[in-house]
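What follows draws every value from the coordinates through simple rules; no lab data is involved. Only a predicted model underlies this, so the values are computations on that prediction, with no experimental measurement involved.
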Amino acid sequence: MPLSPLDQTLAALDALHAEDPRRVEVDGEPVPQELWHAGRMSAWLERLHEHPDELMRLAVRGQHLQRWQVPRTDYPEGRVGYLTWRRDQGQRAGETTARLMQEAGYTAEQAERVARMIRKQGLGRDPGAQAVEDCACLVFLENYFGDFSKQIDHDHLIRIVQMTWKKMSPRAHELALGLPMTAEARGLVEEALAG
């Protein structure tokens, strides 16, 4: 029996994720970092939405697609460099995901809708774009925030947490507050939210 367009696109996305040369340890086994990250994104989507639609599932799964190919260090330091890198990454991931979707049988309109979600166009208005943002924020808070917080100036870090929080939905706020964190990380989040 042939794969559905959804399953075919998810398999194609995961095959690209699996090409990531970086590895993370998962239960003692090395796993491609991007494939692991995509799995965390999808896991958070299932907690955020009781019945996420296919397009939302594809956008969340494709959000970090092939990010290792254009490292952050290829862009200037600072906020403008970061935002330019992030925009370019969203554009690339959206285009590749849209192409894979059309190859699997989705319409051009469906593929473009997913590409817009990945680019986070319509944040706060489009449920799919919001889901991508919420999942990305939750994966960051769950897995990267502790180490990240040790590399950034305190006041700058507080501003980053505040900006991140503003972009998240109420449901994502609820899930974020339930995350296990070190006392130091939780203190930073609480300080940011009190400010």
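Observations on the structure shown:
- Residue-normalised convex hull volume from the C-alpha trace of the range 144-195: 75 Å³ per residue.
- For the residues 94, 81, 128, a GNM of the chain with alpha-carbon springs under 10 Å puts the largest fluctuation on 81.
- Put simply, the convex hull of the Cα atoms in the chain casts, on average, a shadow of 12.1 nm².
- Compared with the dominant Cα axis of the chain, that is its longest principal axis, helix 78-104 is turned about 20°.
- Euclidean distance between Cα centres, the range 52-87 to the range 106-178, Å: 11
- For the chain, modelled as a GNM whose springs connect Cα atoms under 10 angstrom apart, the maximal fluctuation among 91, 110, 69 occurs at 69.
- Amide H partners (placed H, <5 Å) of residue 24, local residues excluded: 31, 33
- Candidates 178, 105, 62, ranked by Gaussian network fluctuation over the chain, Cα under 10 Å, top entry: 178
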